[in-house]
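What follows is a single structure, written as structure tokens, with notes after it.
The values are calculated or read from the model by the stated rules, or taken from the named source; none is laboratory data. Because the structure is a prediction, the values reported are computed rather than measured. In this analysis, Cβ positions are derived from the backbone assuming ideal geometry, glycine residues included, and neighbour counts consider all displayed protein chains. Side chains are part of the model used for accessible areas, which takes the heavy atoms of the whole protein and leaves out ligands, DNA and RNA. Shrake-Rupley method; radii C 1.70, N 1.55, O 1.52, S 1.80 Å.
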Amino acid sequence: MSGYVPEEFVMLKGEILDGMVDALESAGEDADYTVVAIDTCATILEDYLEEVFSPSIYSRSKKIMDVVKFTINELNELNDDCNQSLIESEQRDQLRELIVASAAYAGLETEKEDITEDWRAW
């Protein structure tokens with residue numbers, strides 16, 4: 001069962017995906033990814049937000065970090081499938097912001113500023 005996902009995170013997810021669409025359109029035939037990859041990324045992010053805001057893991061830091069790690073690994077694999085071109089600099093910063101801020105909002109307690117760095121390959 002998922003919890004309420006605050007609008008700020010829904011909007012940030014939308015900005016990330018819009019940036020990917022813009023980059024795809026700019027690259028044209030030279031792009032190393034397709035709309036299918038963007039849709040896959042959207043699903044990964046939607047699943048992450050639903051899971052991290054699930055009442056069953058609220059304020060349970062270990063479970064939140066498990067969700068973060070799983071999501072980062074999924075994004076790594078997707079980006080690898082796209083020759084490291086799906087997640088560009090702007091999306092990298094926005095993804096990190098989305099994941100870190102939403103985990104903190106969900107009650108993650110940690111001393112680390114960037115909880116994604118241990119697994120992130122993008």
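Note down the magnitude of the dipole of the chain about its Cα centre, charges +1 on Lys and Arg C-beta and -1 on Asp and Glu C-beta and zero elsewhere, to the nearest 20 debye.
Details: 9 positive and 29 negative charges, 146 e Å.
That gives a dipole near 700 debye.
For the chain, what is the mean residue ellipticity at 222 nm derived from helices alone (per DSSP H run of n ≥ 4: -39500 (n - 2.57); sum divided by total residues; nearest 500 deg cm²/dmol)?
On the way: 4 runs with 77 residues, N = 122.
Result for the chain, helices only: -21500 deg cm²/dmol.
Cα axis of helix 7-27 to longest principal axis of the chain: angle in degrees, 0 to 90, nearest 10?
Value to nearest ten degrees: 20.
Which angle from 0 to 90°, rounded to the nearest 10, does the C-alpha axis of helix 61-81 make with the longest principal axis of the chain?
10 degrees
For the chain, what is the accessible area per residue in Å² when the probe is 1.4 Å? Write out the running numbers ahead of the final one.
On the way: 6850 Å² over 122 residues.
That works out to 56 Å² for each residue.
Roll a 1.4 angstrom probe over the protein heavy atoms and tell me the percent of accessible area of the chain that is carbon or sulfur. Show your work: numbers first, answer last.
Values: 3160 of 6850 Å².
Taking all protein chains in place, the chain shows 46 percent carbon and sulfur surface.
Could you compute the net charge surrounding GLN84? Neighbours are other residues with a C-beta less than 12 Å from the C-beta of GLN84; K and R count +1, D and E count -1.
On the way: positive: ARG92; negative: ASP32, GLU77, ASP80, ASP81, GLU88.
In short, -4.
What residue among MET11, SER59, VAL36 has its Cα farthest toward the positive end of the dipole of the stretch 1-100, where the charges are +1 on Lys, Arg and -1 on Asp, Glu, each on the Cβ?
Looking along the dipole axis, the top candidate is SER59.
Just one of [x] 14.2, 45; [y] 22.2, 69; [z] 21.9, 75 is Rg and Dmax of the Cα atoms in Å as worked out from the coordinates here. Which one is it?
Of the labelled values, this structure produces [x].
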